[in-house]
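Please read the structure below before turning to the comments.
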Amino acid sequence: MTRNRTAEGGWLIDRASTGSFTFDGRRVPFLAGDTVASALLAAGDPLVGRSFKLHRPRGLFAPGAQEPNALVVLNDGGRLTPNARATTIPATPGLQVRSQNRWPSLRHDAFGLLDLARAVLPAGFYYKTFMWPASQWLRYERLIRKLAGLGPPPRMADPDIYARRHGHTDVLVAGGGPAGLAAALAAGRAGMDVVLAHSGPAFGGGLHDRGDGPHRAWLAETLQALAALPNVRLLANTTVAGYYDNQTLTLAERPCDAAPVGDGKPVERFWQIHAERVVIATGAHERPLLFADNDRPGVMLASAARRYLWRYGVLAGRTPVIFGSDDTIYELAADLTAAGATVRAIVDLRPDPGAAARRAEAAGLPTFAGAMVARAHGKRRVTAAEIWRLGPRPHLVETMQADAILTAGGFGPTLQLHAQARGALLWDPDFRAFLPGPPVADNRSAGGARGVFDLQAAIRDGDEAGANAPLPLRPPPPAADAPAPWDLPNLTGGPRFVDLQNDVADKDIALAAREGYHSIEHVKRYTTLGMGTDQGKLAGPIGLALLAAATGKDIAATGVTTFRPPATPVTFGAVAGGDFGEVGHAIRRTAADAWHEQAGATFIDAGLWRRPQFYPANGKTVGEAYRAEALAVRAGVGMVDVSTLGKIDVSGPDAATLLDRLYCNTLSTLKPGRGRYGLMLREDGRVFDDGVVFRLAADRFHVTCTTGGASAVYQHMEHALQVIWPELDAYATPVSEEWFAVALAGPKARTLLKAIAPDLDVSNAALPMMRLVETRLFGGRARIMRMSYSGELSYEINIGANRGAALWQGLVAAGRPHGLVVYGTEAMGALRIEKGHVTHAEADGRTTPADLGLAGMVSARKDAIGVPAQAFPALQEADRKQLVGLIAEAADARIPVGAQVTAEDLGDQPRPSLGHVTSYAYSAERGRMIALALVRAGRGRIGEAAFVVSPVMGESAAVRIVDPVFIDPEGERLRG
Amino acid sequence: MLLIPCPHCGVRPETEFVYGGDATVRRPDPKTASLDAWAAYIYERDNPKGPHTELWLHASGCHSWLVVERDTVTHAIGQVRQARDAAS
Ligand SMILES: [Zn+2]
């Protein structure tokens, strides 16, 4: 059997059922019911990891989710999980466990040398050292990341299934210990719907951390009674992670534990539960004690030692020293002795411990009263404890050989959920702990989470909480006849760690205070106190007390840092649930999507839509393809699927008035069958969206808007109709999906239109620019609108979406003799840049109509949203950025991505920016790269030479500032 | 998570809604308003601690703009009306 396993006992293990997992490749045997941590400890070695900053060896320390040290990597490949707490992971056959933050191995960590440099790695070291010169930060950061990493992220897709559920309940009980069980039973018997969530596999919590007694029978009866209540749902392996407004809570459930499954069951389930009432029964945490080298493997909380002994039959050490300030240390000593350990010493901070100490002494256990463990010896594990007598002249009494130091520093309630629900935390000097203040939301803390540490009292408290009895007064505080953990003197020198996970020692906090950091929130960020994955559950109160002492304030005035969800780490997989990959979001497909797919289109996301970006059939690369596609449009005819453009039907007697107020130009003067380009502003005067508006009838308009703006424009319309001008009798109906839309563009567009609509008069006289005709095509009702985005002769055909595929295929067939080329968004972009049309790249929420050269569209003769704001002085400043065109001086010059526009090219030297490039493309017609840009007072600079530079890309090019319309400025082509 | 009782659709989670800001501001009369009045309407908002009357659009529901009384401290939701009714 393994070294530290007891001969018998262990409430949660089955000695008949064994298995093994690997730790750093080594085989570790376990018993069914073990955690990874209990099996490792049973195997005899508490060393489980290296610390975050200093790479000091670290061992198992705390009993559960608050474990700061034993962070491990589970599994490999897609199932790799970093930063798992070994104390909460069930041991399962074949599980691969690896230590982390060490290289090349846990025992021989090359970066362990960092510990020698501890003196030069004080609080704020990274900020002080590596931020200068600022240009080098990126380089430093790469090195620091390598040194100070947690576990590695998985590099492959996770093959497992994660689920999400929503639920409602009358009462949610967080925590399945004695108080939680009693609460769930009381509420369940009262007929309430109850959800009881317990973070571990075995309901009972602390009841399993002690020997036999009447409480075992109570546990069995209670579990039986709960199982018999159909209105109670028991969720084991489930942590309550977040407590949000309006009684919404999130729970992370691991129904299959950590074992890889792959049988179609989810490995984790993320619950979102709305609870009328919440009972917080999450227990209490034991506080660490401060002494030199208190982080050595083998130093462990007494509560953890109790748990390993009673749950798993594992000794925390064979020759432990027990150190604390209350009678529980004598109890633990007796329990460990009975289980086969040789307790080397019981060190009691109290000068006059009383009967329990005398009994221990009588039983032959060496006891030291009014004494403390001042220092741990040993490196990779504890070898001895220095026992010092306290008093006016503290002195070393004995250096006791020991393989473990178990500390009992008293308990403080867990406050995460109470605090997340905005409950105040009240410092209680008698408890030497924060207690939950009056709850703000519909919840009540019970048992240890409220400071009720006695077992019988906790059960009673839970029962009352479940029955919704009024909250009683403060529970009686434990005796405080010894110095507080943070008041212990540093008698030997040496680091005394407050936050084990982040390597924050007491002197780091003192240093932060000396440097002027007095707010706990600042100290947290400066020293990284409490910023680990354990969120400082153990470190927080002590760090706070040390800061209070260093700043001369009391603890209540120092305050606490904000508690944020999740209370314990939740995997990304659980939060994402099934919402990733192909089903990460809904995909909107146009009616011609199947054709695009078959044609081999490369798609690009446009909001939820997927649109063909280009067709590789037209060119090997995106660059080649779009150039060929754009050229084909200018030379012959092309077509593009524009179904994604937003379409809104606006109707009613006041429809024209509404549109006049929504657009800065006038639309009410449109005659039926005619259209006009409309520019929509925000009330602050900036351009919001644009599109073409056609009047279908006196009281009906067909409004188009951009793909990206469609839903915002509709919301804006409803805001105008319902909030600003509710007296207007008009209706807006989004109809984007009702219509399939295709644009035909190019000199041969009319020929192609004629081919599919032979009976329609498509002559320039019958169908001029901005005219709409309705007709029937391919068995459906269609609207043909003469308008142009590309600058060529162009028509947009809308047809009922169910006829869309027929229209598209009909056009493909009819276009074949005319050399029709199908193009994507990339070519569409190139064509509109050549024509100087703006999109949201230019109308970026900062630009006004005047900035974009569209001042003439703003009608001053009527009221419209955004028109009054045009008079603001800031919108009229002379050096505002204005839309201009840029054309490369050299035919082979590239325009870098994200380029700035400058007057000079100074290489790597900084220089003032005149503006920035918003869009660029290759213009086949101009035979070089062109761009649209927003340049300060740009219209006044037309004709000037400039540069486009990207220091990030290390590229630049000489350009000339020109008018933003690169082709056909008179618009002869589109009117022809 | 806020729960907002929509007069049409019932109690719905906040994820179905889009926030619309202070509901008490009124668009100035374009015939008479000064530039200062416009600046106040566009930019100036109080940031009250406590009761707040605000607009919410039920975007994933009935598309009603609602006037919601919400306490910015407790997030308690009070009266909810249709903006159209609230204006009259
Ligand atoms: Zn609604």
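The values are calculated or read from the model by the stated rules, or taken from the named source; none is laboratory data. Computed from a predicted model, the values in this text were never measured in an experiment. When we count neighbours, we look across all protein chains shown, and the Cβ atoms used for this are built from the backbone with ideal geometry, even at glycine. Remember, those area values only see protein heavy atoms, side chains included, never the ligands or the DNA or RNA. Shrake-Rupley method; radii C 1.70, N 1.55, O 1.52, S 1.80 Å.
For this structure, a couple of remarks:
- Members of region A:206-228 that are without any contact (Cβ under 8 Å) to a residue 24 or more places away in the chain and not charged (D, E, K, R): A:213, A:214, A:217, A:220, A:224, A:227, A:228
- The residues in region A:622-640 that are aliphatic (A, V, I, L, M) and more than 17 Å from residue A:601 (Cβ to Cβ) can be counted, and the count is 3.
- Where residue B:1 falls short, out of the listed (1) within 10 Å of another protein chain (Cβ to nearest Cβ); (2) within 16 Å of the ligand (Cβ to nearest atom); (3) within 15 Å of residue B:75 (Cα to Cα); (4) open to solvent by 40 Å² or more (accessible area, probe 1.4 Å): (2)
- Taking the numbered list (1) open to solvent by less than 10 Å² (accessible area, probe 1.4 Å); (2) within 19 Å of residue A:344 (Cα to Cα) in turn, residue A:296 passes all entries but (1).
- Of the residues making up region B:58-73, those that are open to solvent by less than 30 Å² (accessible area, probe 1.4 Å), outside any strand (DSSP E or B) and more than 9 Å from chain A (Cβ to nearest Cβ) number 1.
- Cβ-Cβ under 9 Å pairs, at least 6 apart or on other chains, region B:3-14 side under 16 Å from residue A:244 (Cβ atoms), far side more than 9 Å from the ligand (Cβ to nearest atom) and charged (D, E, K, R): B:3/A:245; B:3/B:14; B:4/B:14; B:4/B:70; B:14/A:245
- Residue tally, condition out of contact with any Asp or Glu (no Cβ under 9 Å at 6 or more places or on another chain) and crowded, with 17+ Cβ neighbours inside 10 Å, over region A:756-768: 4
- Only residues that are in contact with a helix residue (DSSP H, G or I) (Cβ under 8 Å, 6 or more places away or on another chain) and either within 13 Å of the ligand (Cβ to nearest atom) or more than 25 Å from residue A:720 (Cβ to Cβ) (or both) were counted across region B:10-25, and they come to 1.
- Looking across region B:12-24 at every residue that is hydrophobic (A, V, I, L, M, F, W, C) and at the interface with chain A (Cβ under 10 Å from one of its Cβ atoms), the one that is surrounded by the most Cβ atoms within 10 Å (Cβ to Cβ) is identified as B:23.
- Of the numbered criteria (1) open to solvent by less than 10 Å² (accessible area, probe 1.4 Å); (2) more than 18 Å from residue A:382 (Cβ to Cβ), the one residue A:338 fails is (1).
- Residue in region A:680-690 that is assigned to a strand (DSSP E or B) and open to solvent by 40 Å² or more (accessible area, probe 1.4 Å) present: yes
Residue-wise test of (1) among the hydroxyl-bearing types (Ser, Thr, Tyr); (2) not in a helix (DSSP H, G or I).
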{"residue": "A:8", "(1), (2)": "no, yes"}
{"residue": "A:11", "(1), (2)": "no, yes"}
{"residue": "A:22", "(1), (2)": "yes, yes"}
{"residue": "A:31", "(1), (2)": "no, yes"}
{"residue": "A:58", "(1), (2)": "no, yes"}
{"residue": "A:65", "(1), (2)": "no, yes"}
{"residue": "A:72", "(1), (2)": "no, yes"}
{"residue": "A:78", "(1), (2)": "no, no"}
{"residue": "A:82", "(1), (2)": "no, yes"}
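- Considering each residue of region B:35-51 in turn, none proves to be touching a residue at least 40 places away in the same chain (Cβ under 8 Å) and either in a strand (DSSP E or B) or within 16 Å of the ligand (Cβ to nearest atom) (or both).
- First in region A:184-205 and surrounded by fewer than 24 Cβ atoms within 10 Å (Cβ to Cβ), second anywhere and acidic (Asp, Glu), Cβ under 8 Å, 6 or more apart: A:186/A:463; A:186/A:464; A:192/A:170; A:193/A:170; A:201/A:257
- Any hit, region A:662-676, residues being within 14 Å of chain B (Cβ to nearest Cβ), outside any helix (DSSP H, G or I) and under 30 Å from residue B:19 (Cα atoms): yes
- When A:33, A:49 are checked against the criterion of being outside the structural domain of residue A:297 (by TED's automatic domain parsing), without any contact (Cβ under 8 Å) to a residue 60 or more places away in the chain and of a type outside the set (Val, Ile, Thr), A:49 stands alone in meeting it.
- Complete set of residues in region A:781-799 that are buried (at least 17 other Cβ atoms within 10 Å of the Cβ) and over 25 Å from residue A:635 (Cα atoms): A:782, A:783, A:799
- Residue-level analysis places residue A:647 outside the set of residues that are among the basic types (Lys, Arg) and assigned to a loop (DSSP other than H, G, I, E, B).
- Yes/no for residue B:55 being open to solvent by less than 40 Å² (accessible area, probe 1.4 Å), within 16 Å of the ligand (Cβ to nearest atom), modelled with pLDDT of 95 or more and under 30 Å from residue A:873 (Cα atoms): yes
- Test: residue A:385 is among the hydrophobic types (A, V, I, L, M, F, W, C) and in a strand (DSSP E or B): yes
- Annotation: residue B:76 fulfils all but one of (1) of a type in the set (A, V, I, L, M); (2) without any contact (Cβ under 8 Å) to a residue 40 or more places away in the chain; (3) at the interface with chain A (Cβ under 7 Å from one of its Cβ atoms); the unmet one is (3).
- Total residues in region A:494-517, condition open to solvent by less than 30 Å² (accessible area, probe 1.4 Å) and not hydrophobic (A, V, I, L, M, F, W, C): 8
- Of all the numbered requirements in (1) away from chain B (no Cβ under 14 Å); (2) out of contact with any Pro (no Cβ under 8 Å at 6 or more places or on another chain), residue A:684 misses one, and that requirement is (1).
- Residue within region B:60-75 that is more than 14 Å from the ligand (Cβ to nearest atom) and in contact with a helix residue (DSSP H, G or I) (Cβ under 8 Å, 6 or more places away or on another chain) present: yes
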